[in-house]
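The block underneath contains the structure these notes are about, expressed in structure tokens.
Please treat every number below as a calculation from the coordinates, not as lab data. Quantities reported herein were computed from a predicted structural model and do not represent experimental measurements. As a convention, Cβ positions derive from the backbone with ideal geometry for all residues, glycine included, and neighbour counts pool all protein chains shown.
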Amino acid sequence: MTYIIREANSRDTKEISSLVFKRTGKLISPLHIENRLHFMRGNPDESLYVYEEENQILGTLGFRIRQADDAVVKFSEISVISIEETNQSQTAAEKLKSYAEQLTQEHACSGMWWITGSENNSDSRRANEPLGFHETGYRFVKRFL
């Protein structure tokens with residue numbers, strides 16, 4: 001199956017909105033996504049990519065570079081949303097993860113932070129931990145969407 005990973009654009013907002021709703025049950029309007037894309041265009045350290053097969057978006061990859069003003073070390077922050085867990089989505093997720101590693105190397109980052117929205121128990125989280133990553137702590141999140 002042929003696929004492409006490319007930067008998201010304004011024409012993708014409805015499909016991204018639908019993908020997020022199918023995956024999370026949370027409705028994010030296409031206008032909100034368009035506003036976020038507009039913000040990203042002015043910020044060279046932040047991007048949103050889509051994974052597309054046969055003109056259908058099956059996943060997204062959020063990529064952000066994090067570094068302190070005086071720090072030499074910089075990390076990429078990665079988040080992936082893909083369709084429901086099937087053989088096809090597993091492929092999409094794996095290809096997005098590989099692409100994220102490529103982006104990290106292209107931007108000369110020292111490492112990657114893998115951000116997951118999963119709030120599963122520890123055993124399930126460990127089973128789904130990306131290869132080569134280790135858990136370093138937790139973030140506290142207050143959701144507004």
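Give me HIS32, HIS38 sorted ascending by neighbouring Cβ count inside 10 Å, so fewest comes first.
Exposure proxy ranking, most exposed first: HIS38, HIS32.
Using the Cα centre of region 32-78 as the reference point, and only Cβ charges (+1 on K/R, -1 on D/E), how large is the resulting charge dipole? Debye, rounded to the nearest 20.
About 160 debye.
Give the cross-link partners of LYS74 among the lysines, using a straight C-alpha distance below 26 Å as the criterion and excluding same-chain residues fewer than 8 apart.
Leaving aside lysines fewer than 8 places away in the same chain, those within reach of LYS74 are LYS95, LYS97, LYS142.
What ³J(HN,Hα) values, in whole Hz, does the Karplus curve 6.51 cos²θ - 1.76 cosθ + 1.60 give for region 3-15 when θ = phi - 60°, with x put for Gly and Pro?
9, 9, 10, 9, 5, 5, 9, 4, 5, 8, 4, 5, 5
Is the C-alpha gyration tensor of region 7-71 telling us rounded, prolate or oblate? Criteria: a/c under 1.5 is rounded; beyond that, a/b larger than b/c is prolate, otherwise oblate.
Note, shape of region 7-71 comes out prolate.
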